[in-house]
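Participant: Have a look at the structure that comes next, please.
The numbers here are math on the coordinates, done by the rules we state, and not lab data. Keep in mind the model is a prediction, meaning the values are calculated, not measured. Every residue, glycine as well, gets a Cβ built from its backbone with ideal geometry; the counts of neighbours run over all protein chains shown.
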Amino acid sequence: MKYIFPVALSLFIISCYQNKTSSNCDSLNFLQDTIFINKIPIGDSIVVKFKFFNECDAPIKIVNVGSSCGCTVGDYSKESINKGDSGLVRVTYKNGNDTGRIIRTLVVESDGQRKLTPLYILTHE
């Protein structure tokens, strides 16, 4: 039950920004949108990387990576990515006091998307 609010908040954020940008490209093409991690001790951090490709007709640039909490911070390729090229979204998760299952949602926004791209970090059951 404690995961309902973060997931609902993430879906709300995504729905608010669906039509914010205008382009002929729907979304970035990530190799994977979910990364499973092992449980990490309280106070430790982990870095995961999401690789994406630009399949749009024009160069795109990531303008924002939002997260479902302050313990998850996204860093991303700052330069424009040409058609066919790839980029990275690098995410650092710091475990403040989570002892159970971790579900973290990130939302990637680029200047060439009509839809935001959700990414997920989950712990194995």
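Participant: Hey, can you grab everything whose amide H is under 5 Å from the amide H of TYR76? Only 5+ residues off in sequence or another chain; H modelled, so Pro and N-termini drop out.
Facilitator: ARG90
Participant: Quick check on my link table: of LYS61/LYS83; LYS39/LYS78; LYS78/LYS115; LYS39/LYS61, which ones sit more than 22 Å apart, alpha carbon to alpha carbon? Provide the component values of the computation, followed by the final result.
Facilitator: Details: LYS61/LYS83 11 Å; LYS39/LYS78 30 Å; LYS78/LYS115 19 Å; LYS39/LYS61 33 Å.
Listed pairs above 22 Å: LYS39/LYS78; LYS39/LYS61.
Participant: Let me ask something additional. Go through segment 39-53 residue by residue and turn each phi into a ³J(HN,Hα) via Karplus (6.51, -1.76, 1.60, θ = phi - 60°); whole Hz please, and just put x for glycine and proline.
Facilitator: Ordered by residue, 3J(HN,Hα) equals 4, 10, x, 4, x, 8, 10, 9, 10, 10, 10, 10, 9, 9, 10 Hz.
Participant: For an R0 of 22 angstrom, estimate the FRET efficiency from the Cβ-Cβ distance between ASP111 and PHE36 and round to the nearest 0.05.
Facilitator: Values: r = 30 Å, r/R0 = 1.37.
E between ASP111 and PHE36, to the nearest 0.05, is 0.15.
Participant: For SER110, enumerate residues with amide H under 5 Å from its amide H, sequence gap 5+ or separate chain, H modeled in the peptide plane.
Facilitator: It is VAL63, by chain and number.
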